[in-house]
Amino acid sequence: MTSRPAARPRVPNFSSGPCAKRPGWTPAALADAALGRSHRSPLGKAKLKQAIDLTREVLRVPADYRIGIVPASDTGAVEMAMWTLLGPKTVEVAAWEAFGSEWVTDALKQLKISPRIHQTPYGVLPDLSAIDTKHNDVVFTWNGTAAGVKVPNGDWIAADREGLTICDATSAAFAQPMDWDKLDVVTFSWQKVMGGEAAHGMLVLSPRAVARLESHVPAWPLPKVFRLTKGGKLIEGIFSGDTINTPSMLAVEDYLDTLRWAGQIGGLDALHARADANASVIHDWVARTPWIANLAVDPATWSNTGVCLVIADADVLAKGDAVVARVAKGIVETLEREGVALDVGAYRDAPAGLRIWCGGTVERADLEALVPWLDWAFAQEKAKLAQAA
Ligand SMILES: Cc1ncc(COP(=O)(O)O)c(C=O)c1O
């Protein structure tokens, strides 16, 4: 019988977003927030500009790419890009989990632009080589958070492309190498990976994306929060901190805090290394544990942020989907009740299982302490099944 572990994770926050705050975070990190001040005041604008500048520095965004702070988190940034850029070319959308599927719905049912859809079940990537990245516009997620499946690299994207690539990178930026040369639009939010407060989206545009914005007038109406051009020219102010509408200066301060922390620990390389080391704790445990398996089939696609796991125990699987779901739920509830892991259930539309966040704000020691609890919680579920039999 698996015995009850003695040690506990110091921080039990393994949620896939909002993610754990950076190590050592306390509300004192927000003491300098420009609260009660206008975001258009010199102080407010300077903070917004600093958030853009530090984003560029930490993520090593090319100097000729624009970075803007936009409304409505990552969803706002992706939809802003889709609504303002798509139309002139055939659009291909790749989706392998819930979030990518939202962009399929947007293209198909809202924009009605008859996209070519490359959709696969949870756990496997579509055949990316089937996408005509040379001629068409492409919308895809770099890391499918609900499946724990990432694209391994940008090699499948044509360097001499005529279309644009629109990449939802919210659970990849700050954790996985981004192939900037292959990406024309990159979006992400503050609460993911860096553990900032949720509010705003980040919209990164290549010069080619800007050229499209300035030369193309969408066939559909654009609400004010999506408008990036005026009189056919890019509104440059948006990309230096003159936001379209009012941002939360509290959230801005928190984002600045976590970006400064990133700088202190060694920048992007350190963030990548932390996520890799964290994810390897889970992947190594999965490799030696027969009752659990990775949802992502191909190891080249294994995420180092939201690692998604499914039950692989033959006895449990033999009892059918409802029992598998009950066992997964039971593990999640036990871990939560014990206060050793919070929010580790699979995404609501994903196959039943666990999802454990491994991004850079999580401490490796906490994941190491969690692993014995996972075995223990599963043993409790097996005992319940044996009793019921
Ligand atoms: C890949 C992906 N896209 C989009 C979203 C939605 O992000 P937001 O809530 O920041 O709009 C998420 C959130 O988990 C995500 O993981």
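Evaluation of Phe174 against the conditions (1) away from the ligand (no atom under 12 Å from the Cβ); (2) over 17 Å from Trp190 (Cα atoms) shows that the sole unmet condition is (2).
Yes or no: Val252 among the β-branched types (Val, Ile, Thr), at pLDDT 95 or above and more than 24 Å from Gln110 (Cβ to Cβ)? In short, yes. Taking the numbered list (1) in contact with a Leu (Cβ under 7 Å, 6 or more places away or on another chain); (2) closer than 14 Å to Ser16 by Cα in turn, Thr165 passes all entries but (2).
Screening region 132-202 for strands (runs of 3 or more DSSP E) wholly inside it with 2 or more residues that are among the aliphatic types (A, V, I, L, M), crowded, with 24+ Cβ neighbours inside 10 Å and more than 11 Å from the chain's Cα centre (by Cα) returns the ranges 137-141, 185-189. Within region 22-55, being outside any loop (DSSP other than H, G, I, E, B) and in contact with a Phe, Trp or Tyr (Cβ under 8 Å, 6 or more places away or on another chain) holds for Ala51, Ile52. For Lys192, the requirement of being among the basic types (Lys, Arg), at pLDDT 95 or above and away from the ligand (no atom under 16 Å from the Cβ) is not met. All but one of (1) surrounded by 21 or more Cβ atoms within 10 Å (Cβ to Cβ); (2) at negative phi hold for Gly353; which doesn't? For Gly353, the failing item is (2). Condition check for Phe99 on (1) within 16 Å of the ligand (Cβ to nearest atom); (2) touching a Ser or Thr at 6+ places or on another chain (Cβ under 7 Å); (3) not in a helix (DSSP H, G or I): one failure, at (3).
The values are calculated or read from the model by the stated rules, or taken from the named source; none is laboratory data. Owing to the predicted nature of the structure, the values given are computational and were not obtained by experimental measurement. Using ideal geometry, Cβ is built from the backbone for each residue, glycine included, and neighbour counts are taken over all protein chains shown.
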